[in-house]
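The values are calculated or read from the model by the stated rules, or taken from the named source; none is laboratory data. For clarity, every value in this text was computed on a predicted model and none was experimentally measured. Glycine also receives a Cβ, built like all others from the backbone with ideal geometry; neighbour counts cover every protein chain displayed. For the accessible areas, the whole protein counts, side chains as well, though only heavy atoms, and no ligand, DNA or RNA atoms are used. Shrake-Rupley method; radii C 1.70, N 1.55, O 1.52, S 1.80 Å.
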Amino acid sequence: QVQLVESGGGLVQAGGSLKLSCAASGRTFNRYAVGWFRQAPGKEREFVAAIGLSASTYYGDSVKGRFTISRDNAKNTAYLQMNSLKPEDTAVYFCAARILAATTSPSDYGNWGQGTQVTVSS
């Protein structure tokens, strides 16, 4: 098991940027793939990005070219750099971790953070 804590959310104007962090506890972070998901009110949880053990990356169609996922295993932390933000990016953003391969389905992840709110104003 790994405990996850997100930070870096906030209020930003459309076109702006935010960088989210996902800090993990434990000494085996490098064995976990990390995914970022988001959930807006009344909507299902949506895949945003994921990064595998070898730093291979995957992105949801709505964020490709705007968001970048990365990880620093020495710091037990994963990041989500969000640029060119749009009002439709407004949601609670969650990071999640699973052993080995990254996937795009939230049901594949057994470890979740508490979420951080991102609000993009028009």
List, please: which pairs have Cβ atoms under 7 Å, are six or more places apart or on different chains, and start with a residue in the stretch 14-36 that is without any contact (Cβ under 8 Å) to a residue 60 or more places away in the chain and closer than 23 Å to Pro87 by Cα and end with one that is open to solvent by 20 Å² or more (accessible area, probe 1.4 Å) and in a loop (DSSP other than H, G, I, E, B)?
Ser21/Gly8
Yes/no for Phe67 being of a type in the set (Phe, Trp, Tyr), more than 15 Å from Leu4 (Cα to Cα), under 15 Å from the mean Cα position of the chain (by Cα) and open to solvent by less than 30 Å² (accessible area, probe 1.4 Å)
yes
Inspect all residues belonging to the stretch 23-32 and state whether any of them is open to solvent by 40 Å² or more (accessible area, probe 1.4 Å), under 19 Å from Ser107 (Cα atoms) and not charged (D, E, K, R).
no
Total residues in the stretch 1-43, condition at pLDDT 95 or above and charged (D, E, K, R):
4
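Checking the conditions here, which among Ala78, Ala74, Ala50 is within 20 Å of Val5 (Cα to Cα), open to solvent by 70 Å² or more (accessible area, probe 1.4 Å) and among the aliphatic types (A, V, I, L, M)? So that I can check it myself, show each step before the final result.
On the way: Ala78 fails: open to solvent by 70 Å² or more (accessible area, probe 1.4 Å); Ala50 fails: open to solvent by 70 Å² or more (accessible area, probe 1.4 Å).
Only one candidate qualifies: Ala74.
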Of these, Ala14, Ala55, which one is hydrophobic (A, V, I, L, M, F, W, C), surrounded by fewer than 17 Cβ atoms within 10 Å (Cβ to Cβ) and more than 22 Å from Glu88 (Cα to Cα)?
Ala55
Out of all the residues in the stretch 87-120, which are surrounded by 15 or more Cβ atoms within 10 Å (Cβ to Cβ) and among the charged types (D, E, K, R)?
Asp89, Arg98
